[in-house]
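Enquirer: If you scroll down you'll find the structure; I have some questions about it.
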Amino acid sequence: MRRLIASAATALLLAVPSFGPAMAEAPLGDDGLHKPEWLRTTFLDLREDLEEARAEGKRYIVMVEQRGCIYCIKMHNEVFPDPEVEALIEENFFVVQINLYGSIDVTDFDGTTLPESEMAQHWGTMFTPTMFFLPEEVPEGMTAAQASVATMPGAFEQDTMVDLLTWVRDKGYEGEESFQRYHGRMVGEREEAAESEG
């Protein structure tokens with residue numbers, strides 16, 4: 001299976017674990033959305049962004065968020081600042097942000113141009129944050145949602161985020177092991193390591 005299916009992610013969303021204490025207060029932009037240092041400001045032409053990401057040897061993420069979203073706040077204040085998560089993003093990913101209710105034009109891979117709010121709706125975005133992880137090359141005529149190799153709707157805790165970023169970076173979606181199986185294996189390995197240390 002090449003995609004992180006929404007049903008599994010929704011189940012995780014509904015059972016969001018308690019996060020640890022806040023690590024940092026992410027700065028807010030004029031639009032009320034969080035603006036970490038690794039976030040890119042672009043013209044939101046996804047084709048150009050993907051080219052720039054490839055030129056830097058990075059993978060491309062489109063992240064949809066909205067003002068006041070409690071899950072966005074959790075991710076930006078407690079998950080993204082985690083040193084391992086932050087390092088994975090900074091070293092391996094080119095991330096742009098779409099405002100669920102924004103009006104800036106976004107040009108999709110298929111050439112469609114719509115305001116942010118309409119593009120998010122066009123992609124079927126139901127939760128924030130939603131992260132679309134794009135392949136290194138998007139087939140002609142596909143939208144970001146169609147081409148996404150993994151889609152993360154909602155909030156996850158640090159270990160899940162580390163595993164997802166690693167799985168995408170290492171192109172796990174091209175292999176036999178789905179993300180769910182990969183994550184389960186990583187959870188088991190972390191538990192074994194913790195038991196051996198204790």
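The values are calculated or read from the model by the stated rules, or taken from the named source; none is laboratory data. If you're wondering where the values come from, they're calculated on a predicted model, not measured in any experiment. So basically every Cβ, Gly included, is an ideal-geometry build from the backbone, and we count neighbours across all protein chains shown. The accessibility values were calculated without ligands, DNA or RNA, using every heavy atom of the protein model including side chains. Shrake-Rupley method; radii C 1.70, N 1.55, O 1.52, S 1.80 Å.
Enquirer: Please work out if E176 is modelled with pLDDT under 95 and more than 28 Å from N77 (Cα to Cα).
Expert: Considered against the rule, which asks whether it is modelled with pLDDT under 95 and more than 28 Å from N77 (Cα to Cα), E176 comes out as yes.
Enquirer: When you scan the stretch 156-198, how many residues do you find that are in a loop (DSSP other than H, G, I, E, B) and under 14 Å from the mean Cα position of the chain (by Cα)?
Expert: As a first pass, look at the stretch 156-198 and keep what is in a loop (DSSP other than H, G, I, E, B): 156-157, 170-171, 175-178, 198.
Filter again for under 14 Å from the mean Cα position of the chain (by Cα), leaving 156-157.
Total meeting the criteria: 2.
Enquirer: Within the stretch 127-180, take every residue that is without any contact (Cβ under 8 Å) to a residue 60 or more places away in the chain and under 25 Å from G68 (Cα atoms) and give me the one that is least open to solvent (accessible area, probe 1.4 Å).
Expert: Selected residue: A145.
Enquirer: Across the stretch 53-112, what is the total count of residues that are of a type in the set (K, R) and either open to solvent by less than 70 Å² (accessible area, probe 1.4 Å) or touching a Ser or Thr at 6+ places or on another chain (Cβ under 8 Å) (or both)? Working first, answer last.
Expert: Restricting attention to the stretch 53-112, the residues satisfying the condition of being of a type in the set (K, R) are 54, 58-59, 67, 74.
From what's left, either open to solvent by less than 70 Å² (accessible area, probe 1.4 Å) or touching a Ser or Thr at 6+ places or on another chain (Cβ under 8 Å) (or both): 58-59.
Of the residues in the stretch 53-112, 2 are of a type in the set (K, R) and either open to solvent by less than 70 Å² (accessible area, probe 1.4 Å) or touching a Ser or Thr at 6+ places or on another chain (Cβ under 8 Å) (or both).
Enquirer: Any residue in the stretch 64-92 that is of a type in the set (G, A, S) sitting within a Cβ distance under 9 Å of a residue that is surrounded by fewer than 21 Cβ atoms within 10 Å (Cβ to Cβ)? List the pairs, counting only those 6 or more apart or interchain.
Expert: Note: pairs meeting the criteria are G68/G32.
Enquirer: Go through (1) touching a strand residue (DSSP E or B) at 6+ places or on another chain (Cβ under 7 Å); (2) more than 24 Å from F179 (Cβ to Cβ); (3) not in a helix (DSSP H, G or I) for R67 and report which single condition fails.
Expert: If we test R67 against (1) touching a strand residue (DSSP E or B) at 6+ places or on another chain (Cβ under 7 Å); (2) more than 24 Å from F179 (Cβ to Cβ); (3) not in a helix (DSSP H, G or I), just (1) comes out false.
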